[in-house]
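The values are calculated or read from the model by the stated rules, or taken from the named source; none is laboratory data. Fair warning: this is a prediction, and the values are worked out from it, not measured in the lab. Reconstructed Cβ throughout: ideal geometry from the backbone, glycine too, with neighbour counts over all protein chains shown.
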Amino acid sequence: MTAPPPPGSPRTRPKARREEWAGPLMALPAIAGLVLFVALPFAMAIGLSLFNVRLDSFRPPEFFALEQYRRILVSSEFSGDFYRALGNNVLFAAVIVPVQVTAALGLALLLNRPLRGMPVFRTFFFMPVVFPMALIATVWRLIFDPGPDGMLNSVLGLATFGLFSPHDWLGEASTAMPSIMLLSLWQGVGLQMVIILAGLQGIPGQLYEAAEVDGAGRWQRFRAVTLPGLRNTLVFVALVTTILSFRLFDQVYILTRGGPDGATSTVMHLAVTTAFAESNVGRAAAMTVVLFVVVLCLTLLQRRLVTQEREIS
Amino acid sequence: MTVLADRPTVSGRTRVSHPGPGRRLRPLVRSGLDHLLMGTVTLLFASPILYMFIGSLKPDDQVLDGLSGFVPRDLSLDNYADVFATFDDPSTGFFLNFFGTSVIVTGVVVLGGLVVNSMAAYALARLRWRGRDAVLILVLALLVLPFEAIAVPLFYLLNDFRNTMAVQSVPLIANAFSIFLFYSFFLKLPKEIEEAGRLDGAGPWRIFVRIIVPMSKPVFATVAILSFLTQWGMFLWPVLMVSDPSVRPLPLAISVYQGQPPFAWGDIMAFGVMMVLPMLLVFLVFQRWFVRSVASTGLKG
């Protein structure tokens with residue numbers, strides 16, 4: 001390598017200056033976009049949540065301090081709906097995270113074997129991931145149709161030799177949320193599966209060989225080699241799924257509109273209805289700020305769990 | 001494809017420690033059972049998709065018909081023609097309007113995003129300039145913000161631009177996550193690249209376009225695929241911003257369509273097939289990239 005020219009020499013100066021300018025110029029379009037359409041709206045979310053802003057009113061917004069938060073978190077008028085929605089998000093996460101991660105792990109283990117035709121199977125397991133949720137919800141509306149011709153009712157009727165009487169899956173409070181969960185599981189599990197599959201391929205084969213030499217059986221190898229090797233992947237997948245659970249919107253909006261009687265209402269759905277149908281932007285903003293706080297805590301928790309692992313190993 | 005699926009693991013190897021009469025038969029039975037299991041699981045995943053495809057070719061009243069919805073009978077392409085016939089005036093919108101809106105909005109977000117975000121990432125990863133570290137921290141901080149957390153104020157902020165293609169695309173071009181993906185990739189490229197370029201008298205722009213971009217195809221593919229996937233299915237934002245059928249994207253259009261009686265289910269399924277077909281084709285052709293992108297980043301949206 002040649003020796004660097006002396007600093008300040010006429011040959012390098014223009015270039016250094018070029019770089020000094022090129023950097024900010026190249027970053028400008030994206031950073032301007034992020035500031036204008038992400039950072040500013042987020043600051044506005046906090047700002048709006050402190051005001052009584054309505055879309056349908058010509059009165060200037062009135063400063064509300066923490067009144068919106070008091071309303072959604074404490075007041076008897078609105079907090080019921082909000083906690084119902086937040087509770088549904090929590091319920092969704094509490095069911096979908098363990099079930100989906102376990103299912104994804106199972107599918108990944110099934111695929112991670114030398115069997116003919118694996119790429120074909122993987123294609124099918126992953127395929128729902130590329131479908132827009134709006135379309136999936138539409139197709140599943142036929143599956144959950146309340147009449148005897150609904151796919152699920154028809155299959156269950158056939159399997160029980162007609163003993164099963166048609167059920168209104170989406171129309172009854174007790175089954176509406178589980179139905180939403182089922183179609184979300186079907187759509188999302190392929191995503192977690194390929195992440196876990198990549199994690200499985202990252203576990204060194206020697207570890208399995210060593211365990212086998214030590215006389216470890218299938219189950220023991222799974223407990224002693226596979227699970228510890230996947231720890232970070234599983235933590236990551238579980239937390240991403242949790243965060244996605246708090247963003248739940250599309251399928252609820254299309255299939256149930258939060259009903260019946262709030263059984264499938266979610267924070268995002270409530271926020272959109274509040275902003276849109278009730279034109280109450282201030283209260284909707286307060287809801288999304290609470291949502292953000294939840295997501296932030298989950299993200300920080302994930303970073304903590306994953307770094308801890310790195311420190312240990 | 002082989003990367004993910006075909007690598008044999010020790011746990012999967014056939015065990016040879018069981019001598020006896022079943023010795024030869026056993027692997028055969030096992031592989032048979034195995035395929036049966038895999039086939040059943042595949043059926044669970046494929047059946048709603050199959051149902052949609054078959055339904056799109058059947059008369060409307062034979063789609064919502066229990067298990068016989070799967071029976072391919074009286075097949076025709078009538079439903080596809082019906083979709084175009086149903087959406088035939090400005091009050092309903094035209095199918096090609098929906099499709100065109102989705103293509104244009106997705107195209108602008110994906111292509112614009114590739115250009116703008118890769119440039120920013122290059123400046124952050126490989127150029128030295130005042131304020132760089134502060135900008136980097138801003139980008140990393142914005143990573144935590146899901147779109148849902150800003151949708152409501154963004155809707156308020158851009159209320160005057162409702163019902164345009166611009167409002168559906170421009171705010172989504174710059175993306176902290178895309179910048180982060182490019183940034184991590186550019187950071188790992190060897191330092192000598194720029195030095196060689198500089199000796200030839202090339203400035204940062206030329207080094208970026210001529211050397212860095214051609215070297216970084218994998219990360220461009222990953223970002224393109226992930227943003228295509230997110231954007232083609234984007235629903236929340238159009239729900240908030242679009243009511244005019246002439247700029248209604250496909251996901252919003254199908255949600256309106258399936259919510260208005262009378263329900264011509266065959267037509268609705270045909271609409272669905274046409275909506276997902278571009279995505280499905282890209283997926284089947286670039287499957288390896290799809291799976292790898294998603295697996296490497298683990299995030300959709």
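Can you tell me which condition B:ALA202 does not meet? The list is (1) of a type in the set (A, V, I, L, M, F, W, C); (2) over 16 Å from the mean Cα position of the chain (by Cα); (3) part of a helix (DSSP H, G or I), and all the others hold.
(3)
Only one of (1) more than 30 Å from A:ALA284 (Cβ to Cβ); (2) more than 9 Å from chain A (Cβ to nearest Cβ); (3) part of a helix (DSSP H, G or I) is not met by B:VAL105, so which one is it?
B:VAL105 satisfies every listed condition except (1).
From the list B:PHE263, B:PHE283, which residue is closer than 21 Å to B:PHE53 by Cα, assigned to a loop (DSSP other than H, G, I, E, B) and within 11 Å of chain A (Cβ to nearest Cβ)?
B:PHE263
Among the residues of the stretch A:79-116, which ones are assigned to a loop (DSSP other than H, G, I, E, B) and either surrounded by fewer than 14 Cβ atoms within 10 Å (Cβ to Cβ) or not assigned by TED's automatic domain parsing to the domain that holds A:THR242 (or both)?
Matches in the stretch A:79-116: A:PRO114, A:ARG116.
Just the residues that are surrounded by fewer than 22 Cβ atoms within 10 Å (Cβ to Cβ) and aromatic (Phe, Trp, Tyr), please, taken from the stretch A:247-271.
Passing the criteria: only A:PHE249.
Of the conditions (1) modelled with pLDDT of 90 or more; (2) crowded, with 19+ Cβ neighbours inside 10 Å, B:ASP65 fails just one. Which one is it?
(1)
Does any residue in the stretch A:172-188 that is over 15 Å from A:ASN89 (Cα atoms) come within less than 6 Å, Cβ to Cβ, of a residue that is among the aliphatic types (A, V, I, L, M) and assigned to a helix (DSSP H, G or I) six or more places away or on a different chain, and which pairs are these?
Listed pairs, sorted by first residue: A:GLN187/A:ILE136.
Please go through (1) more than 8 Å from every other protein chain (Cβ to nearest Cβ); (2) over 14 Å from B:VAL152 (Cβ atoms); (3) part of a helix (DSSP H, G or I) for A:PRO60 and return the number of the only condition it doesn't satisfy.
The number of the failed condition is (3).
Out of (1) at the interface with chain B (Cβ under 9 Å from one of its Cβ atoms); (2) surrounded by 15 or more Cβ atoms within 10 Å (Cβ to Cβ); (3) of a type in the set (A, V, I, L, M), what's the single condition that is false for A:ALA224?
(1)
Hey, any hits in the stretch A:274-282 for a residue that's surrounded by fewer than 22 Cβ atoms within 10 Å (Cβ to Cβ), part of a helix (DSSP H, G or I) and more than 9 Å from chain B (Cβ to nearest Cβ)?
Taking every residue of the stretch A:274-282 in turn, none turns out to be surrounded by fewer than 22 Cβ atoms within 10 Å (Cβ to Cβ), part of a helix (DSSP H, G or I) and more than 9 Å from chain B (Cβ to nearest Cβ).
From the list B:MET275, B:MET269, which one is in contact with a Gly (Cβ under 6 Å, 6 or more places away or on another chain), over 22 Å from B:LEU114 (Cα atoms) and aliphatic (A, V, I, L, M)?
Sole residue among the options that is in contact with a Gly (Cβ under 6 Å, 6 or more places away or on another chain), over 22 Å from B:LEU114 (Cα atoms) and aliphatic (A, V, I, L, M): B:MET269.
Select from the stretch B:212-225 the residues that are crowded, with 24+ Cβ neighbours inside 10 Å and of a type outside the set (Val, Ile, Thr) and list them in ascending order.
Matches in the stretch B:212-225: none.
If I filter the stretch A:30-68 down to residues being under 21 Å from A:PHE292 (Cα atoms) and of a type in the set (Gly, Ala, Ser), which single residue comes out as modelled with the lowest pLDDT?
So, considering only residues that are under 21 Å from A:PHE292 (Cα atoms) and of a type in the set (Gly, Ala, Ser), the one modelled with the lowest pLDDT is A:ALA65.
With the structure loaded, tell me whether A:ALA198 is facing another protein chain (nearest Cβ under 10 Å), more than 30 Å from B:PRO251 (Cβ to Cβ) and more than 16 Å from the chain's Cα centre (by Cα) or whether it fails that test.
Taking the combined requirement at face value, the residue does not satisfy it.
So is B:PRO190 loosely packed, with under 14 Cβ neighbours inside 10 Å and assigned to a loop (DSSP other than H, G, I, E, B) or not?
When the stated conditions are applied, B:PRO190 passes them.
Among the numbered criteria (1) crowded, with 19+ Cβ neighbours inside 10 Å; (2) over 20 Å from the mean Cα position of the chain (by Cα), which single criterion is violated by A:LEU291?
Single failed check for A:LEU291: (2).
Just to check your reading of the model, which residue among B:ARG248, B:ARG210 is free of Cβ contacts under 8 Å to residues at least 40 places away in the same chain and basic (Lys, Arg)?
B:ARG210
Here is a check on your reading of the model: is A:VAL155 over 30 Å from A:VAL235 (Cα atoms) and surrounded by fewer than 22 Cβ atoms within 10 Å (Cβ to Cβ)?
yes
How many residues does the stretch B:128-173 hold that are over 18 Å from A:LEU55 (Cβ atoms), of a type in the set (A, V, I, L, M, F, W, C) and outside any helix (DSSP H, G or I)?
The total comes to 4.
What's the number of the only condition in (1) assigned to a loop (DSSP other than H, G, I, E, B); (2) more than 10 Å from chain B (Cβ to nearest Cβ) that A:THR175 fails to meet?
That leaves (1) as the condition not met.
For the stretch A:147-163, enumerate the residues that are facing chain B (nearest Cβ under 7 Å), out of contact with any Pro (no Cβ under 8 Å at 6 or more places or on another chain) and not in a loop (DSSP other than H, G, I, E, B).
A:MET151, A:VAL155, A:LEU158
Considering only the stretch A:284-308, state which residues are modelled with pLDDT under 85 and of a type outside the set (A, V, I, L, M).
A:THR299, A:GLN302, A:ARG303, A:ARG304, A:THR307, A:GLN308
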